[in-house]
1. Accessible area per residue of segment 197-241 at 1.4 Å probe, in Å²?
2. Near the amide H of GLU198, under 5 Å away, which other amide H atoms are found, from residues 5 or more places off or on another chain, if H is placed in the peptide plane?
3. Would you rank ASP47, ASP176, ASP215 by solvent-accessible area, highest first, keeping every protein chain in place and using a 1.4 Å probe?
4. Using each residue's phi in segment 89-96, evaluate 6.51 cos²θ - 1.76 cosθ + 1.60 at θ = phi - 60° and report the 3J(HN,Hα) Karplus result to the nearest Hz, with x for Gly and Pro.
5. What full-extension length gain, to one decimal in nm, is calculated for THR210 and ALA68 as 0.36 nm per residue of separation minus the Cα-Cα distance?
6. Mind running the shape call on segment 131-182? Use the C-alpha gyration tensor, a ≥ b ≥ c as the square roots of the eigenvalues: rounded below 1.5 for a/c, prolate if a/b tops b/c, oblate otherwise.
7. Explain nothing, just compute: Karplus ³J(HN,Hα) = 6.51 cos²θ - 1.76 cosθ + 1.60, θ = phi - 60°, for every residue of segment 214-220 in order, whole Hz, x for Gly and Pro.
8. Amide H to amide H, which residues 5 or more places from LEU93 or on other chains are under 5 Å from it, using H placed in the peptide plane?
Amino acid sequence: MRRALLLVALLAPALARAQSSGQILLNNGRAFPNYVNAAECAGANVDVKWNVALVNGATGFPVGGTYALYAMNQAVPSGTTTCPTANNSTTGLVVLAVPTVGNPAGLVADSVVSGSQLITGSAGNIASCSSTADQTIFLCVQGNSGGTQFGFATGSVIVSTSKPPQPVIGSATPGDGALNVSWGPGTATTLAPATVQEYSLEATPVTTGTDTVHDSGRISGSPFRFGGLVNGVVYAVTATAYSIADNPSDPSSAVTGMPELVNDFWDLYKAEGGKESGGCSTGFAGPIGLGILIATLALVRRRK
């Protein structure tokens, strides 16, 4: 009997280490995935992905095994080898059991849940969708088979519902089948304090039936050559900013422009050996761009 107890005592630390090496991530395809944004916080789906280590050298969850996902307002204590499953009034811990589908096929599992399931439960709320400050939600996933815990992983996500300030649109000068658009980031306010991470532009034809609405996709910043447009069509162009959590700003006011066959800065840039990157440019590079700009301004003055 003593030998059996001694063996259990010796094995316990090893089992604890094996169970605690898993990791939980969000699987949303974004550049900064571990954020829950305003739309997700309001109830849109969040794809949670985890990779768990299993005890005793197992290569997957046992047949009939299940898992449980928990969200909480505090990190899992160091040295813990199982997920907390109940509130602790002494430490202020609030735990939400998140409904998930059981019996994963192996070490890596995905669960599509709603953002509200990570935030609100019968036990209380662990974050607020109306807060302008970022909030951290701690996650824990626990594998189980026949009452034996087989997988354990932890992670965290940040609830960030603040939007960036409204961009300030500048100009949309003509190019051949394009508009050269410039804008600024706008001024942060208490309702729009988030830092801008990306932008997108939208070009809408002013006269209906002349063309379709064009979207630039995500871009890093101003200026931007908005290609794929139709010469002779007047477009209203707006800019929208996006935060690191992918929350959109209010669109900027519109500026109009009309693409036309002109010898614009971009044409001169290409003539000097410049290359377009990814089908569009976010500006001129270094001394070459500055030289082209100066030369073009001189050419315009001579024409006048």
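1. Numbers: 1980 Å² over 45 residues.
Result: 44 Å² per residue.
2. TYR242
3. Values: ASP47 40, ASP176 65, ASP215 100 Å².
Result of the area sort, largest leading: ASP215, ASP176, ASP47.
4. My calculation for segment 89-96 gives 5, 5, 8, x, 5, 10, 10, 10 Hz in order.
5. On the way: separation 142, 0.36 × 142 = 51.12 nm, distance 5.46 nm.
Answer, rounded to one decimal: 45.7 nm.
6. On the way: a/c = 8.98, a/b = 2.85, b/c = 3.15.
Note, shape of segment 131-182 comes out oblate.
7. Working through the residues one at a time gives 10, 10, 6, x, 6, 9, 7 Hz.
8. The list, which skips near neighbours in sequence, is ASN88.
The values are calculated or read from the model by the stated rules, or taken from the named source; none is laboratory data. Since the model is a prediction, treat every value here as computed from it, not as a measurement. All Cβ positions, even for glycine, are placed from backbone atoms using ideal geometry, and neighbour counts span all protein chains on display. Heavy atoms of the whole protein, side chains included, go into the accessibility calculation; ligands, DNA and RNA do not. Shrake-Rupley method; radii C 1.70, N 1.55, O 1.52, S 1.80 Å.
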